[in-house]
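Presented below is the structure to which this report refers.
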């Protein structure tokens, strides 16, 4: 029973209510750097290529199953009776399995696949019947070792001696155990406690009590053991994930000027020689090319940027954009669900929504693509090398042909042909003496305010 068979099954516990989150959303679906929390331990489990992968769900089971459909076998813990009972719910899905079972948790998102592989190596090397993962973290289970460093027992903090309470090494609850031994020990665990639950931690005591070999692997990075059950811990976990993401990008040749104020989601891809300035947020499945300059305080959501694009400062790319090589998106520009060709310039204070813009086109300051008529969104086409002047409005659906020119202040409601100038301004009028008359009226109003007297009314 102590010999590693070579096959691994993973049981991932994700049935907890997460009441301390105080949320209508299932705890394991709360996002961390663009992914649901459960996605992280699930990906770590998938990376070790288990023979079987079972996720135990309870609260909001349907939502969790829908979010991760096709990635695991799901079983339900209808009545939440502890972690031991949750593992027992997985037994039918592991029928006939004879290898080792790795037990993980859906609210422990920082555990790395490298750590799981290390557990498998240690289990094989030591031929331990049970391997537990430990860390110097603030949890109840204290790991007591003998003089040779072998695990004697795991004792709950309230039951520990004063000397044992000084031990920093604690049980994370992550186990690698022979399947046959797991089911045997769990069958012997009872629920005679205050909560009426079956505690998974009891398998350690029973395995040691039978004289079997129990080994513990200490985490090299204790943060991996962080369990998330509050909003504060969610933010703490997210900070670690963001740091890992940015560290990876910097190793790949990306300049991140200030990692402390830069937020990049886990699924974002960034090419080398790109520079990301402070205060930027890049979300979703965004793809950023090489040599891109993202100036301060930009937000990029699920968009693609070609090589050598310059964006910002304070620009906003909403989802669905494809920005061509060498394009320039200036300060306080918003782009939404649009395709911009190579070298397009939208320099400042403009909005381009639901548009297809040809290479080399240019938008002046304050130009707007009016894509919404109050009922539906419509698309606009702007041809190559077209010029849209300052404060112009393109009322979709409309087409601006290649090499067309829209004069400043024009509202375009009809297609503009190639090589044409569109001018749609009202005729300018001058009212002589208007400024003097206005000034005199203001002076009279000031006199009335100071004196409290109004001029006498005269009969016509």
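Laboratory data are not the source of any read-out in this text; all were calculated from the coordinates shown. None of these values were measured; they are calculated from a predicted model.
Using only alpha carbon pairs under 8 Å that are at least six residues apart, calculate the relative contact order of the range 231-422 and give it in whole percent. Walk me through the numbers before you get to the answer.
Details: 621 pairs, mean separation 18.1, N = 192.
For the range 231-422, the relative contact order is 9 percent.
As I understand it, the value is the acute angle between the Cα axis of helix 231-251 and the longest principal axis of the Cα atoms of the chain; what does it come to in degrees, rounded to 10?
Taking Cα atoms only, the helix is inclined about 80 degrees.
Let me make sure I get this right: for the range 267-324, a, b and c are the square roots of the gyration tensor eigenvalues over alpha carbons, sorted descending. Under 1.5 in a/c it's rounded, otherwise prolate if a/b > b/c, else oblate. Which is it?
Rounded, because the longest to shortest axis ratio a/c is under 1.5.
Over the range 8-225, what per residue volume does the convex hull of the Cα atoms give, in whole Å³?
Hull volume normalised by residue count: 131 Å³.
Mind jotting down a quarter of the surface of the convex hull over the alpha carbons of the range 231-422, in square nanometres, one decimal?
The orientation-averaged projected area of the Cα hull of the range 231-422 comes to 10.6 nm².
With the cut-off at 1.5 for a/c, could you classify the range 155-278 from its C-alpha gyration tensor as rounded, prolate or oblate?
prolate
Please label the shape of the range 1-92 as rounded, prolate or oblate, based on the square roots a ≥ b ≥ c of the eigenvalues of the alpha-carbon gyration tensor (a/c under 1.5 means rounded; beyond that, a/b larger than b/c means prolate, else oblate).
Judged from the Cα gyration tensor, the range 1-92 comes out oblate (a/c at least 1.5, b/c at or above a/b).
Give me the percent relative contact order of the chain, please, defined on Cα pairs under 8 angstrom at least 6 residues apart.
Numbers: 1127 pairs, mean separation 39.0, N = 460.
Worked out over the chain, it gives 8 percent.
Any chance you could tell me what percent of the C-alpha pair distances in the chain go past 35 Å?
52
Could you work out the relative contact order of the range 8-225? I mean the mean sequence separation of Cα pairs under 8 Å and 6+ apart, divided by the number of residues, in percent.
24
Using only Cα atoms, tell me the angle between helix 179-188 and the longest principal axis of the chain; keep it within 0 to 90° and round to the nearest 10.
So the inclination is approximately 80 degrees.
Relative to the longest principal axis of the chain, what angle (0 to 90°, nearest 10) does the C-alpha long axis of helix 113-126 take?
Rounded to the nearest ten degrees, it is 10.
For the range 1-54, take N as its residue count and report Rg(C-alpha) divided by 2.2 N^0.38 Å.
After normalising by residue count via 2.2 N^0.38 Å, the value is 1.45.
What is the distance in Å between the Cα centres of the range 98-152 and the range 261-335?
41
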